[in-house]
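The values are calculated or read from the model by the stated rules, or taken from the named source; none is laboratory data. The structure presented is a predicted model; accordingly, all values stated were derived computationally and were not measured. Counting neighbours? That spans all protein chains shown, and the Cβs are built from the backbone with ideal geometry, glycine included. For the accessible areas, the whole protein counts, side chains as well, though only heavy atoms, and no ligand, DNA or RNA atoms are used. Shrake-Rupley method; radii C 1.70, N 1.55, O 1.52, S 1.80 Å.
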Amino acid sequence: MWLKNKAGKFLSQQRAETVRWPLMWCANGGNAKMGEDSYTCAKREIEEELGLDITKLNGGLFDKRIYEEDNQSYFCDSYLYDLDIDINTINFQKEEIKKLDFFDIDTIIEMMNKGEYFVYDLDYLEYLKKYSKQNNI
C-alpha cells in the first residue's frame, strides 16, 4: 500500500523495535487473512496501522505480481492512494510503527542501498513513480 502526497513523496513507516525487521523503513501493508481478498486486506491494514479509511481516498490497485522466495510463491497486489495529510495528525499503531515520514522514490532507493529501507525491485519502484505521475495520484 503506497500513500502519496502532492509533493510526490510516499508515506513510509519505520517499523518498531519489537516486530519483524525492526527499525526498517517500508511502505504500509500486511498479509491477508484466510478468505480475505487483497483490497479487504489493504483496507484493514491501513485502518489498523494508521487509523485511515482508504474508501475516502483517490486511488486503487496499480500492480499485481507473484514472487518466489524460499521455495514458496506469494502474491503481491499493490495499491496507490493520494494522501495529502500532515503526518503529525495520523494516530498510528505504536506497537508496529516507530515513526512515519514521506520520501520520494530516489530517497527510498538510496535508503534501500544503505540497508535502511525494505528492498523492492527497482523496476517496481520506477513503475510506481511513472504510474503515479501518469494517473495524477
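When the chain is treated as a GNM with alpha-carbon contacts under 10 Å, the residue of Leu80, Leu122, Leu50 showing the greatest mean-square fluctuation is Leu122. Dipole magnitude for the chain: computed about the Cα centre from +1 point charges on Lys and Arg Cβ and -1 point charges on Asp and Glu Cβ, it is near 300 debye. For segment 45-137, the residue among Asn136, Leu100, Leu122 whose Cα projects farthest onto the positive side of the dipole built from Cβ charges is Asn136. Once the convex hull of all Cα atoms in segment 25-98 is built, its volume per residue stands at 119 Å³. Take the Cβ-Cβ distance between Asn88 and Met112 as r, set R0 to 35 Å, and report the resulting FRET efficiency rounded to the nearest 0.05. Step by step, r from the Cβ atoms, then E = 0.85. Close amide-amide hydrogen proximity is noted between Leu83 and Lys4, Asn5, each under 5 Å apart and 5 or more residues distant or on a separate chain (H modeled in the peptide plane; Pro and chain starts excluded).
Considering only Asp84, Asp37, Asp106, the Gaussian network model of the chain with Cα springs below 10 Å gives its largest mean-square fluctuation to Asp37. In segment 1-38, whose amide N lies under 11 Å from the spot 7 Å out along Cα-to-Cβ of Leu61? List them in ranges. The answer is 37-38, whose backbone nitrogens lie closer than 11 Å to the label point.
Mind ranking Asp63, Asp121 by accessible surface for me, highest first, 1.4 Å probe?
On the way: Asp63 20, Asp121 70 Å².
From most accessible down to least: Asp121, Asp63.
Rolling a 1.4 Å probe over the protein heavy atoms gives the chain an accessible area of 60 Å² per residue. Within the accessible area of the chain, the carbon and sulfur atoms contribute 48%, probe 1.4 Å, all protein chains present.
All Cα-Cα separations within the chain were binned at 10 Å from zero, giving a P(r) of 11, 43, 40, 6, 0, each value a whole percent of the pairs. Scanning residues 5 or more positions from Lys99 or on other chains, those with amide H under 5 Å from its amide H are Gln14, with H placed 1.01 Å from N in the peptide plane.
Across segment 1-103, the relative contact order, built from alpha-carbon pairs under 8 Å that are at least six residues apart, equals 39 percent.
Calculated FRET efficiency, Asp53 to Asn135, Cβ-Cβ distance, R0 = 30 Å: about 0.90 to the nearest 0.05. Distance between the modelled labels on Glu95 and Gln72, one decimal in nanometres: 2.2 nm (7 Å Cα→Cβ projection).
Helical runs assigned H by DSSP (4 residues or longer) give the chain a calculated mean residue ellipticity at 222 nm of -8000 deg cm²/dmol, each run adding -39500 (n - 2.57) before division by the residue total.
Counting only Cβ charges, +1 for Lys and Arg and -1 for Asp and Glu, the dipole size of segment 1-80 around its Cα centre is about 400 debye.
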